[in-house]
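Contents: one structure, followed by commentary.
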2 protein chains.
Amino acid sequence: MAAMQAGATIDVQIHLRKIPLLSELTDEEMVKVRADIRVRHYAKRDVVLQKGATGDSLLFLVQGQLQVVDITEDGRAIGLRMLAPGDFFGEIAVINGTMRSASVVATTPVLVALLPRATALHLFSHSPSVANQMLRFLAAKVQRDSEFRALLSIHNTAKRIYSFLELVKEQKDDEEVVENLPTHQDIANMINTSRETVTRTLLSLTQQGIIKKGTHRLIIVDPDALQKLAQS
Amino acid sequence: MAAMQAGATIDVQIHLRKIPLLSELTDEEMVKVRADIRVRHYAKRDVVLQKGATGDSLLFLVQGQLQVVDITEDGRAIGLRMLAPGDFFGEIAVINGTMRSASVVATTPVLVALLPRATALHLFSHSPSVANQMLRFLAAKVQRDSEFRALLSIHNTAKRIYSFLELVKEQKDDEEVVENLPTHQDIANMINTSRETVTRTLLSLTQQGIIKKGTHRLIIVDPDALQKLAQS
């Protein structure tokens with residue numbers, strides 16, 4: 001096969017019903033989406049979305065892994081969150097007609113599906129299941145942002161790190177875990193502290209048996225102890 | 001008239017079509033809303049929404065003025081924003097079925113209309129005009145939050161204050177203004193600095209002829225100079 005161009009459109013059938021946002025569309029809506037959607041391939045480290053570009057489509061990650069990256073006023077790059085297959089992204093610029101507010105970079109080779117803005121906007125307001133999922137998604141984001149703002153107002157640095165773990169942890173099977181923990185430097189940038197402080201605090205939590213490192217995840221071994229530390 | 005009870009339900013006709021979120025409802029949707037909506041009166045300083053309470057209704061401010069107030073982890077009260085007649089509030093807890101994330105306090109006597117959660121949720125996903133407005137509102141909120149987070153990561157305090165003014169300013173007629181500027185203490189709490197620093201920085205901007213105080217508003221006399229300071 002010839003070398004693939006960055007962001008080349010490719011002809012591939014994808015299972016649209018496997019994408020949660022589109023899973024409950026009517027057959028009629030699905031026909032329209034299938035006609036309008038385009039699939040693109042990107043290589044590892046390609047920039048899929050560029051901060052500041054126009055928001056001309058809603059995107060879905062079909063295969064591979066992406067990272068949302070923000071660049072702060074003083075030029076530090078912050079890895080904000082990882083995207084997994086089935087996730088959508090780029091919805092804010094689509095809804096508000098504004099510029100992309102963060103960049104998205106491929107951390108593996110990826111397949112991405114692009115739905116033109118007009119089709120996406122029509123679904124947002126006319127498909128009850130899409131409207132419902134999108135509102136829940138945005139409302140959860142607003143809530144998370146407000147919790148994050150509360151976190152940033154904590155003066156004590158160690159407590160800020162405990163609260164950060166509390167905020168990003170999820171329940172998986174029988175465990176509380178943090179999937180795809182950002183690098184210590186990324187955490188430091190996100191919550192206004194130094195990499196050294198993050199490393200030191202996480203090491204101390206590990207030594208106290210409160211957290212432990214798993215494969216691509218952090219396991220919170222003693223959730224009660226962590227909560228107590230965050231609230232003390 | 002006898003003394004009115006706090007939050008007493010009163011029998012009053014309100015112009016529902018004057019509320020922007022409801023202005024484009026179908027006649028059928030309007031009949032349902034009119035049947036379900038309740039109007040309450042609150043006196044100045046009454047708490048209309050309590051942080052941590054359940055989100056059992058979507059609220060509209062019909063008359064008077066309200067302030068959204070957050071209490072930080074370490075107990076400081078932050079006046080977040082003012083609400084004006086026609087505004088809705090309490091939508092996040094309604095959408096996500098979570099607790100109220102901030103309190104809302106009456107700064108004048110007010111009339112508030114309450115729409116039960118089930119009716120509100122139905123409108124959110126089945127009325128295209130409501131879905132559309134609600135998505136735009138939440139997307140703008142997410143974008144503002146992300147700009148605010150970028151602002152908090154600025155190390156230089158004066159630059160943080162300049163950027164804060166840039167973020168909250170609006171275009172009104174021919175002027176750039178900040179309506180209902182929060183108190184210096186509230187600004188200080190929001191952007192992690194001291195009241196003294198806010199007062200000193202605003203005074204210096206005034207002396208340089210970049211801003212001036214109007215009635216209930218701050219006027220940005222020299223927007224270019226402010227922008228330059230924020231980006232320098």
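The values are calculated or read from the model by the stated rules, or taken from the named source; none is laboratory data. All values reported here derive from a predicted model rather than from experimental measurement. Cβ: placed from backbone, ideal geometry, glycine included. Neighbour counts: every protein chain shown. Just so you know, the surface numbers come from the protein's heavy atoms only, side chains and all, with ligands and any DNA or RNA stripped out. Shrake-Rupley method; radii C 1.70, N 1.55, O 1.52, S 1.80 Å.
Structure data summary
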item: For chain A, calculated [θ]222 nm from helices alone, where every DSSP H run of n ≥ 4 adds -39500 (n - 2.57); result: -12000 deg cm²/dmol
item: Kirkwood-based Rg to Rh ratio, chain B, C-alpha trace; result: 1.01
item: Spin-label pair B:Thr199/B:Thr54, simplified geometry with 7 Å Cα→Cβ offset, distance in nm; result: 4.6 nm
item: Accessible solvent surface per residue of the range B:8-143, calculated while the other protein chains remain in place, 1.4 angstrom probe, Å²; result: 45 Å²
item: DSSP-defined antiparallel bridges as percent of all bridges, chain B, nearest 5; result: 100 percent
item: Additional length obtainable on full extension of the chain from A:Arg17 to A:Arg81, 0.36 nm per residue less Cα span; result: 20.6 nm
item: DSSP-assigned coil residues among chymotrypsin sites (Phe, Trp or Tyr not before Pro) in the range B:92-150, each with at most 14 further Cβ atoms within 10 Å; result: none
item: FRET efficiency for B:Ala43 and B:Asn180, using Cβ-Cβ distance with R0 set to 25 Å, rounded to 0.05; result: 0.75
item: Label distances, nm, B:Thr54 versus same residue in remaining copies, Cβ-directed 7 Å point; result: 4.8
item: Candidate lysines - alpha carbon under 18 Å from A:Lys213, same-chain residues fewer than 8 apart omitted; result: A:Lys169, A:Lys172
item: Part-to-part distance (alpha-carbon centres) for the range A:93-171 and the range B:126-142, which is given in Å; result: 15 Å
item: Projected label distance in nm at B:Glu28 and B:Lys212, using a 7 Å step from Cα toward the beta-carbon; result: 5.7 nm
item: Nm distances between copies for A:Arg200, ranked from closest, using label points 7 Å along Cα→Cβ; result: 2.8
item: Cα pair distances in the range A:8-142, grouped into 5 Å bins until the bin that holds the longest one, percent each; result: 2, 10, 20, 24, 22, 14, 6, 2, 1, 0
item: Teacher prompt: A:Pro223 distances to equivalent labels in other copies, 7 Å Cα→Cβ, nm; result: 4.9
